[in-house]
Amino acid sequence: MTTLSPPPGTAGPTAPEAAPAGNGPSLPRRRRILPDRLRRAGLPYLLLLPALVLEILIHLAPMVVGVVMSFKELTQQYIRDWGAAPWIGADNFRIAVDVNAPVGEALLHSFLVTCAFTVLAVSFAWLLGVTAAILMQESFRGRGVLRALFLTPYALPVYTAVITWSFLLQRDGGMVNHVIHDQLGLTDTEPFWLIGDNSFVALVVVAVWRTWPFAFLILMAALQNIPKELYEAAQVDGAGIWQQIRRITLPSLSPVNQVLVLVLFLWTFNDFNVPYILFGKSAPEAADLVSIHIYQSSFVTWDFGSGSAMSVLLLLFLLVVTGCYLLATGAGRKRDV
Amino acid sequence: MVSPTAPPRSFVWTRRIVLTLLTIFAATPLLVMVSSSLKPLQDVSDRFRWIPSSLTISPYVDIWSTVPLADYFLNSLIVAGAATGCSVLIATFAAYAVSRYRFRGKRLFTVTILSTQMFPGILFLLPLFLIFVNLGNATGIALYGSRGALIVTYLTFTLPFSIWMLIGYFDSIPRDLDEAALTDGCGPLGALMRVVVPAAVPGIVAVAVYSFMTAWGEVLFASVMTNETTRTLAIGLQGYATQTQVYWNQVMAASLVASVPIVAGFLLLQRYLVAGLTAGAVK
């Protein structure tokens with residue numbers, strides 16, 4: 001590629017006379033690199049310009065609109081002309097946080113469900129990831145195959161993965177009930193998995209199945225960066241493999257873990273895909289995650305003002321939690337660009 | 001771990017047991033997915049059975065006529081491809097500026113980019129939906145439901161991710177390379193195009209694949225922003241469920257058709273992906 005681009009236009013071999021003219025600008029330009037401060041100062045902004053314009057269009061403007069929406073009574077009749085929706089101040093927020101009224105009560109419930117779901121799903125995903133990564137740190141026969149197999153649930157498009165789970169979890173004719181009822185005889189009746197209280201269990205299992213490979217992937221990469229000398233020194237000192245894991249591997253992983261857990265938390269807490277595909281537009285009460293809840297109050301009951309207020313509250317919560325987490329662990333400070 | 005001696009039995013047995021359980025957990029849904037896609041309808045509507053009564057490839061034939069799967073496929077390809085192309089192109093310039101230059105507001109820019117990744121998608125969905133509906137009404141152009149509008153919404157997650165990953169990749173390329181190009185008379189853009197980009201090809205490909213994967217799997221925006229003609233695979237697969245029954249064997253066949261290229265690309269490029277993810281986030 002690089003050999004093709006220079007010759008045709010500027011200095012061809014046919015025109016040696018043209019070469020000085022063609023190279024002419026390059027000499028001053030070479031000198032200009034250092035002294036011409038204005039040019040240098042403007043250049044990064046010029047390179048950033050397309051990204052900045054897009055950022056304003058896709059992130060900043062929607063966020064401003066979202067905040068404005070949250071102060072309006074934006075019901076179905078105003079969707080086509082949202083500017084005309086009446087201004088109602090903080091009413092949407094007041095209703096959303098009033099836990100004694102139906103709207104606030106339902107929001108609080110779905111918030112608590114989301115917290116429980118996030119804690120369980122992140123813990124299990126991290127635990128499986130770190131266990132598998134440590135056990136597979138040393139090579140053994142079939143490691144490559146297992147690695148690929150473990151990563152596949154994460155590589156699958158989320159809808160195909162979750163649709164498959166909803167097939168497995170069908171009450172009649174699902175694989176799960178076939179195994180626990182027909183084959184193992186663990187239950188007298190066949191439980192429902194996609195409605196009722198069991199739906200929470202189903203949600204956690206599917207989310208863990210989907211996210212633990214990510215923890216595995218990141219932690220395996222992190223394990224490669226632990227200096228081998230540490231293990232060699234430990235062996236010389238007579239430390240067995242379990243001691244090496246406890247004293248070297250786990251402590252070395254801690255900076256990676258701090259970032260990993262934060263990422264897993266944010267993904268899981270904000271997850272929309274898994275519950276939406278598993279349960280549809282309105283999730284069972286036991287598995288009513290906040291993102292689904294907001295989606296439903298916006299696109300099923302068509303109250304955009306209320307949905308926006310809930311989104312803003314969700315964002316504030318995430319900002320506070322992330323801020324506290326970063327302060328507590330110092331995970332954010334180490335990677336200044 | 002470099003161990004001249006074999007690991008102790010306790011470790012080997014723990015490894016065998018744990019990895020066997022994990023294999024069952026990871027592989028069972030995949031196994032059911034593949035086997036069910038080869039079963040006759042009877043087998044997937046009645047009680048579950050591990051062994052199919054007969055093997056058939058007819059689900060793979062029927063998926064294309066039960067729903068307009070080819071159209072959905074094309075829509076997904078266009079939307080994910082365009083979002084990936086746009087974001088990688090724009091991110092290349094932005095990441096180069098951040099990686100190679102000092103300038104006012106650099107920290108603010110990178111922090112903003114990083115923080116948008118933590119925002120829930122639903123936060124952008126409601127305003128973008130309203131903006132597209134109202135802008136469409138004002139201009140008379142049907143923006144809402146169009147592929148273009150969906151592509152723009154996909155940039156909300158592909159662009160910050162691409163910028164962030166590419167900064168990591170560009171940082172890992174020695175500055176001496178492009179400084180040499182600058183002293184040889186290349187302009188800054190020349191240095192980017194002729195030196196930095198070629199050196200970062202594995203990284204750029206990995207970023208593109210990852211962006212494409214996330215766009216290909218996107219459900220939230222697609223569920224709201226598409227209509228019958230612009231529907232993507234993520235939403236189109238729901239068409240195999242009719243009022244009376246679900247064609248599970250066809251669902252599984254179509255899922256595999258939608259998955260295999262993505263999974264193959266991911267597994268082939270995962271080493272580069274990890275390098276970028278760790279360079280960007282977990283240094």
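The values are calculated or read from the model by the stated rules, or taken from the named source; none is laboratory data. Since the structure is predicted, the reported quantities are computational estimates derived from the model, not experimental observations. FYI the Cβ positions are ideal-geometry reconstructions off the backbone, even for glycines, and counts take in every protein chain you see. When the accessible area is computed, the model is the full protein with side chains, heavy atoms only, and any ligands, DNA or RNA have been set aside. Shrake-Rupley method; radii C 1.70, N 1.55, O 1.52, S 1.80 Å.
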Flag if B:PHE109 is among the aromatic types (Phe, Trp, Tyr), under 26 Å from B:ALA206 (Cα atoms) and open to solvent by less than 20 Å² (accessible area, probe 1.4 Å)
yes
Out of A:ILE95, A:ILE134, A:ILE88, which single residue is touching a strand residue (DSSP E or B) at 6+ places or on another chain (Cβ under 9 Å) and among the aliphatic types (A, V, I, L, M)?
A:ILE88
If A:VAL130 passes every condition in (1) under 23 Å from A:HIS293 (Cα atoms); (2) aliphatic (A, V, I, L, M); (3) more than 11 Å from every other protein chain (Cβ to nearest Cβ) but one, which one does it miss?
(1)
Verdict on A:LEU149 being assigned to a helix (DSSP H, G or I), within 14 Å of chain B (Cβ to nearest Cβ) and crowded, with 22+ Cβ neighbours inside 10 Å
no
Does at least one position in the range B:159-166 carry a residue that is modelled with pLDDT under 90, farther than 27 Å from B:ALA258 by Cβ and within 7 Å of another protein chain (Cβ to nearest Cβ)?
no
Return yes when B:ILE57 is surrounded by fewer than 16 Cβ atoms within 10 Å (Cβ to Cβ), more than 8 Å from chain A (Cβ to nearest Cβ) and farther than 29 Å from B:VAL205 by Cβ and no when it is not.
yes
Test A:TYR295 against the stated conditions and say whether it is in contact with a Lys or Arg (Cβ under 8 Å, 6 or more places away or on another chain) and either more than 19 Å from B:GLN117 (Cβ to Cβ) or open to solvent by less than 50 Å² (accessible area, probe 1.4 Å) (or both).
yes
Need a quick list: helices (runs of 4 or more DSSP H) entirely within the range B:141-221 having at least 3 residues that are open to solvent by 40 Å² or more (accessible area, probe 1.4 Å) and either charged (D, E, K, R) or closer than 15 Å to B:ALA275 by Cα (or both).
B:147-172, B:175-183, B:201-216
Determine if the range B:228-240 includes at least one residue that is in contact with a Lys or Arg (Cβ under 8 Å, 6 or more places away or on another chain), not β-branched (Val, Ile, Thr) and not in a loop (DSSP other than H, G, I, E, B).
no
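Rundown of residues vs (1) in a loop (DSSP other than H, G, I, E, B); (2) out of contact with any Cys (no Cβ under 9 Å at 6 or more places or on another chain); (3) open to solvent by 60 Å² or more (accessible area, probe 1.4 Å); (4) in contact (Cβ under 8 Å) with a residue 40 or more places away in the chain, yes/no style:
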{"residue": "A:ILE58", "(1), (2), (3), (4)": "no, yes, no, no"}
{"residue": "A:PRO62", "(1), (2), (3), (4)": "no, yes, no, no"}
{"residue": "A:GLY66", "(1), (2), (3), (4)": "no, yes, no, yes"}
{"residue": "A:GLN77", "(1), (2), (3), (4)": "no, yes, yes, no"}
{"residue": "A:TRP82", "(1), (2), (3), (4)": "no, yes, no, yes"}
{"residue": "A:ALA96", "(1), (2), (3), (4)": "no, yes, no, yes"}
{"residue": "A:GLY104", "(1), (2), (3), (4)": "no, yes, no, no"}
{"residue": "A:LEU107", "(1), (2), (3), (4)": "no, yes, no, yes"}
So if I check each of B:VAL88, B:VAL79, which one is within 26 Å of B:TYR210 (Cβ to Cβ), surrounded by 15 or more Cβ atoms within 10 Å (Cβ to Cβ) and more than 12 Å from chain A (Cβ to nearest Cβ)?
B:VAL79
Please verify whether A:ALA287 is at pLDDT below 90, in contact with a Phe, Trp or Tyr (Cβ under 8 Å, 6 or more places away or on another chain), buried (at least 19 other Cβ atoms within 10 Å of the Cβ) and of a type outside the set (Asp, Glu), treating the condition exactly as stated.
no
Among the residues listed as A:GLY173, A:GLY196, A:GLY185, A:GLY129, the single one being touching a residue at least 60 places away in the same chain (Cβ under 8 Å), on the phi > 0 side of the Ramachandran plot and either part of a loop (DSSP other than H, G, I, E, B) or out of contact with any Pro (no Cβ under 7 Å at 6 or more places or on another chain) (or both):
A:GLY196
Members of the range A:85-94 found to be small (Gly, Ala, Ser) and exposed (fewer than 14 other Cβ atoms within 10 Å of the Cβ), listed by number
A:GLY89, A:ALA90
Residue set A:ILE241, A:ILE277, A:ILE218; condition crowded, with 19+ Cβ neighbours inside 10 Å and more than 24 Å from the chain's Cα centre (by Cα); output residue A:ILE241
In the range B:13-34, what residues are more than 8 Å from chain A (Cβ to nearest Cβ) and open to solvent by less than 30 Å² (accessible area, probe 1.4 Å)?
none
Quick check on the range B:91-106: of everything there that is among the hydrophobic types (A, V, I, L, M, F, W, C) and either in contact (Cβ under 8 Å) with a residue 12 or more places away in the chain or open to solvent by 10 Å² or more (accessible area, probe 1.4 Å) (or both), which residue is farthest from the other protein chains (Cβ to nearest Cβ)?
B:ALA95
